[in-house]
Each structure stands twice: as structure tokens, then as C-alpha cells.
Protein chains: 2
Amino acid sequence: MDAAQIEQVRRFNRTVTERVGVLHDHFLGGDRPIGAARLLWEIGEEGQDVRRLRERLGLDSGYVSRLLRSLEAEGLVTVEPQPRDRRVRTVRLTGAGRAERAVLDGRSDELAGSLLEPLNTAQRARLVEAMAQVDRLLTAATVTLEAVDPGHPHAEHCLRSYFSELRERFESGFDPVRSLLPDAGELRAPHGLFMVARLHGEPVGCAGLKLPAGAPAEIKRMWVAPEARGLGLGRRFLAELEARAAQHGRDVLRLDTNRALSAAIGLYHSCGFEEVAAFNDEPYAHHWFEKRIEGPAPA
Amino acid sequence: MDAAQIEQVRRFNRTVTERVGVLHDHFLGGDRPIGAARLLWEIGEEGQDVRRLRERLGLDSGYVSRLLRSLEAEGLVTVEPQPRDRRVRTVRLTGAGRAERAVLDGRSDELAGSLLEPLNTAQRARLVEAMAQVDRLLTAATVTLEAVDPGHPHAEHCLRSYFSELRERFESGFDPVRSLLPDAGELRAPHGLFMVARLHGEPVGCAGLKLPAGAPAEIKRMWVAPEARGLGLGRRFLAELEARAAQHGRDVLRLDTNRALSAAIGLYHSCGFEEVAAFNDEPYAHHWFEKRIEGPAPA
DNA sequence: TCCATTCTCTGACTCTAGTCAGAGAATCCC
DNA sequence: GGGATTCTCTGACTAGAGTCAGAGAATGGA
């Protein structure tokens, strides 16, 4: 990360907070405090539990309650207890609330338009293209990787999604029972580890690492949610697991995969894995890969 | 401006205000209110007049005064009357103030770093590149064009810069007296008009349009400040003047130029001007251009 | 059944950020 | 010289944004 890059990022931050940030609040707020506007926005067409709203916006419960009270007084929302659990309350937009939200929507379009408006066609196209790029990469940078227990709800969510995707994509379908599945214990210290990737707190990917005593480390169950593809997350998982394997003193990392997963196969090649002979008899595998890895950087 | 573009800009706004905007204030502020931090930043190494600070930050005089008082109490700045005009007061950083400013500087680097940190080398390069593009185009979109009287201080500033640049660049130097200069009256309604471009309130370019009765409209004295080049401002001036000439019922737009101004010549070509025989005997001109223009779009 | 926990709400605060109306000093212009 | 203007400052406000400590209802688990 060199100084010129830092400098450019700072210039960007400055321009963008001035030009977009300030306007954003101003446009969105209108006459209403922006806290209320954001809330109105986050409620959405479907309605939301108060709890979720609080979480999404990262606000104090008292504060949200007060904001809701004021929106309620204006007749923009209704708040009712959930039938299943009457402690939780659900907020829903009224007709007036929906109208108000449409106004916010329009303002947001207007702001976007005002950014493009002074530019000519070619410039607009370039700006939008560059914004998409920035958007994608900043999103990618927002994803966090964390080692969790394979029994964690996020881990289980990812594994369910993973299996159901395999079932769809493998020519032969996929039945976990027939596969050489590591049991959860194998992906838990000290025999291995399991990582999930999260974006805005939601799980969007996972990867497991087996660390069998005296044998190469092995990657299992790597999966990236469809909505998080194209963010370089697969590559990031591989780099992370490689580093962790190295920390545990392994110098070889390996994995097996099914021929239906062509994007993954491309990824393994481009990350320095080489195809080797079968090192297990996983019935769903067609390709086996291996990579020599370096020890952890000396401290 | 199509809906997909608007949509992408909105996604960008959202990602960026979340990821950069919020962090920006948080990082910059530290323990101190961000008003104070911004002020500390804007004072700069050299010191500033209170009046200018107020202008730059767009703040109320009472508010700035209070903020300065609190920075003064912390021993970060000194405020003293200017010797020339003792109503105006000048703020200067003390040693402690400079140190504090360096801390802000470091935080800003840190924020920039935190955006790049989770990315790999290739992604970083792409992000920085896209940010530069966005930065440049948003800046371009921030430039405003306005018709002003040629006697306006901003107009005069631009013209002085323009002449001094011609003096440097023309092989033969440039002496306004020898040139076929329109007097100011010719660039003032109803005989013509004069426009300046401004970025953050500072003049960064100008262009004049002569509208002689019964003759083609003529562009004069188009200039863009060095720091504003590469923003497509020349092209924007041409489009604007073309539209204005059309509004005044002209169907031909013309101009002359010196061979030393090769970038301008390229611009004229690419904007649809065609080289024609000399239509005046401006001693400093080597090329004459003309463009047929369309009438204003029907209402 | 009862105790701990979860969820929401209320009341009482704090802190920023900013506005508005003068007051007082310095300067400009006639 | 004197009135208008410019510049800064002070005091008195307001509104937004958010925190914190409970209280009270509903639920879950032993």
C-alpha cells in the first residue's frame, strides 16, 4: 500500500464526502430529521420488526422507540405486536408512509441525477462505470472473515446453502451421506477450523480447513453466496486458509472438487494449485489439487 | 440519463456514505467535535483569516468564533488582529496545534488504509484507479458555468491569467494592444456575453461570445486554468456557447486561434468545427474555424 | 410455577451543531 | 468629522442525535 495510493484515496474521500455525503443527508432529510428519514426508508414495503430496525441502523432502543412514536404521530407508520411473540413489535408503513417513502425515493434519484447532470454522455458513462467499480470493491473490503464454531447458526446457514447448491449443480445430485464429510469435530480446534464471511452482519460465505496430525491441510466446504460473487471472496478465503495452515506448520494444502464447479477450478489454478492424482476416494470428486505453501512470515 | 445509471449512482452513494462518510467523521473527529477538527484542518500551516475560514466552511460567524475560543483554550491556536486591518483577525496554529493537526493527518491516512487493507494488490490498484476517475468526474460535475459581466473580478482574474499564458506560449509573445481585442462592451448584452467557470467558488476558466448583428457568433478568450484541465471544461464551454448562440438565432459559430494552442485546436476539431479561410486579420491567429449550429430545441 | 431473559418503552440527560440578534471596535467613504 | 459598513464576538436560543437507567409486559426454561 504505497503513499500515492493513500493520497488518492484521501482525495476521493474528501471529494465524495463533500459532494455526495453532505448532499445525501440534505436531500434525504428534507424537512424531517434524517434519523426519521432513514428509519422510514429501512422499514421497507414489507414492514420490519423493531428489533431488526435497531440492529440495521445501529441505534439505541430508546431512540428508535422515540422516532417511531413521532412517525406514528404523523400517521406514517403503525406499530403492532407480533402475533407469535408479543414482546416483539412490527412496524408497517401506512398509505401515507408509503407515499412519503416514495418522496424520499424520488429525492434520492434527484441527487443521483444532479451528480450526472452537468456531464456529457461520455463522461456520464465513465463516471457510472467507475462508481460501479468503487462500489464493488468497497463492498468487497467490507466483508469480514471470522473463524467460528461449525455449529454457529451462520455456519449452519452457509452449509445448508452449500449443500443445496451442490444438489442442484452436480450432474449426479448430491447426498451428504454418500460423501466423505468431515464431521463437525474435524473442523473445530485442534483438528481444524471453520470460517464464515459476513457482509453487514449477514453470512455470505464459508470455508473449512482440516488439519489432520502429520498430514497435509485440506480445504473443505468452501462456498460463496451468489449475491457476494465477484468480490474476490474465494481468493480471499484461499489466502486466509493458506496462512492459517502455514501457522499450524503445514507445508502442503490440498482439496478435491467436482467438475461441475468450473469457476472454482479456475480459481484454484489461478491461485497456484496444481492438479494431482486422487488422494482420497470422495465419490463426488473429479479433480484433486495441491499447493506447496510457505511458512508464516518470520516475526 | 437512463434509469440503470441512476440506479448505479444510488448504489454508489449508499455504499460510499456508509463506508466512507460515517467513518470519515468518526476518524477525523476522534474525541473532539468534528466542527473543531475541520477548523483545525482548514487553518493550515500558514494560518488563515477568520473571515476566510468562515467562508470556506460555510459556517455562522458566531459559531466559528465559539469554536476558535475553544481551540484557543486548549492552546492549539492563537488569534490576533491583522496589522493592516485590525477588524480582521488571523488564526495561527501553535506548536501544539500543529501536532494535533498531524494527528488528524495520520487518522486520515489510517482511514484510507483501512479501506484498502482487506484487498489484494490487484484489487487495490483497481480501486484506486476507479476512485481517481470518480474523483475527477465528480469534480468536473461540481464546476459551474455562469454568465457574468466582463468587469466582474472573477472575469478579470481569468483574463489576466489568459493573457499572461498567451504571452508565454505564443512564439511571438503576446501584446493585447496589437490583437483584435473585443472591448468589454462587445462581450456584454446585447452585443455578446461572457462566462466564467467556478470550482468551489474560485474562478477556473472563462469564455466570451460575440454576437454581432447580422453576422456569425464568435468565440473569444476561452481559457481554462491549469488546475482545472482534464475535466472536459473546454468542451463544456463550447457546448454552452453553441447553445447560447443558437438561442440568439445564430446558425454559425466561429473562432480563430494560434498554432501554439494545439490542445485547443484538437478540441475544436473534435467538437465539430471545421477549418476555414481567414475571416479576419487577427495578427496572432493561424487557424480559423467554423461550425454550423442547430437552432434551439423546440419547446 | 417462578426466575431469568428478552423486548420495548419512558423519562431524564448530554453534546453537537447551528441560528439569531445585537454590541463594540475598526475602517471606509463622503 | 461623522455616518455607514465591515468584522468579530457574546449571549440566548433551538433542534437533532443519541445515551443511560430503569419499568413493565411477554416469554422461555428449569
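For the reader, a short list of remarks on this structure follows.
- Strands (runs of 3 or more DSSP E) contained entirely in the stretch A:166-269, each with at least 3 residues that are farther than 29 Å from A:Arg52 by Cβ and over 19 Å from the mean Cα position of the chain (by Cα): A:217-224, A:252-257
- Residues (among the hydroxyl-bearing types (Ser, Thr, Tyr) and near DNA strand C (Cβ under 10 Å from one of its atoms)) located in the stretch B:39-92: B:Ser61, B:Tyr63, B:Ser65, B:Ser70
- Inspection of the stretch B:36-52 finds no residue satisfying the criterion of being more than 25 Å from the chain's Cα centre (by Cα) and open to solvent by 40 Å² or more (accessible area, probe 1.4 Å).
- Residue check, B:Thr17 within 14 Å of another protein chain (Cβ to nearest Cβ), within 24 Å of B:Arg107 (Cβ to Cβ) and more than 10 Å from DNA strand C (Cβ to nearest atom): yes
- Being within 21 Å of A:Gly113 (Cα to Cα) and touching a residue at least 40 places away in the same chain (Cβ under 8 Å) is a property that does not hold for A:Gly21.
- B:Phe279 vs. criteria open to solvent by less than 40 Å² (accessible area, probe 1.4 Å) and within 17 Å of B:Lys210 (Cβ to Cβ): no
- Looking only at the stretch A:33-62, and only at residues there that are in contact with an Asp or Glu (Cβ under 7 Å, 6 or more places away or on another chain) and within 13 Å of another protein chain (Cβ to nearest Cβ), the one that is farthest from DNA strand D (Cβ to nearest atom): A:Arg56
- Scanning the stretch A:28-45 for residues that are at pLDDT below 85 and assigned to a helix (DSSP H, G or I) yields A:Leu28, A:Gly29.
- Flag if B:Asp25 is within 16 Å of DNA strand C (Cβ to nearest atom), open to solvent by 70 Å² or more (accessible area, probe 1.4 Å) and either within 14 Å of chain A (Cβ to nearest Cβ) or under 30 Å from A:Leu138 (Cα atoms) (or both): yes
- Scope the stretch A:256-276; condition aliphatic (A, V, I, L, M), within 18 Å of A:Trp223 (Cβ to Cβ) and open to solvent by 40 Å² or more (accessible area, probe 1.4 Å); matching residues: A:Ala263
- First in the stretch A:127-139 and within 7 Å of another protein chain (Cβ to nearest Cβ), second anywhere and charged (D, E, K, R), Cβ under 7 Å, 6 or more apart: A:Gln133/B:Arg126; A:Asp135/B:Arg11; A:Leu137/B:Arg126; A:Leu138/B:Arg19
- Check on A:Arg87, closer than 27 Å to A:Gly47 by Cα, more than 8 Å from every other protein chain (Cβ to nearest Cβ), under 31 Å from the mean Cα position of the chain (by Cα) and touching a residue at least 40 places away in the same chain (Cβ under 8 Å): no
- Test: residue in the stretch A:161-169 that is closer than 30 Å to B:Ala125 by Cβ and either within 14 Å of chain B (Cβ to nearest Cβ) or modelled with pLDDT under 95 (or both): no
- Within the stretch A:63-84, considering residues that are under 30 Å from the mean Cα position of the chain (by Cα) and within 12 Å of DNA strand D (Cβ to nearest atom), the one nearest to A:Gly201 (Cα to Cα): A:Val64
The values are calculated or read from the model by the stated rules, or taken from the named source; none is laboratory data. A quick note: this is a predicted structure, and the numbers were derived from the prediction, not measured. When we count neighbours, we look across all protein chains shown, and the Cβ atoms used for this are built from the backbone with ideal geometry, even at glycine. The protein model used for the area step is the full one, side chains on, heavy atoms only, and it has no ligands, DNA or RNA in it. Shrake-Rupley method; radii C 1.70, N 1.55, O 1.52, S 1.80 Å.
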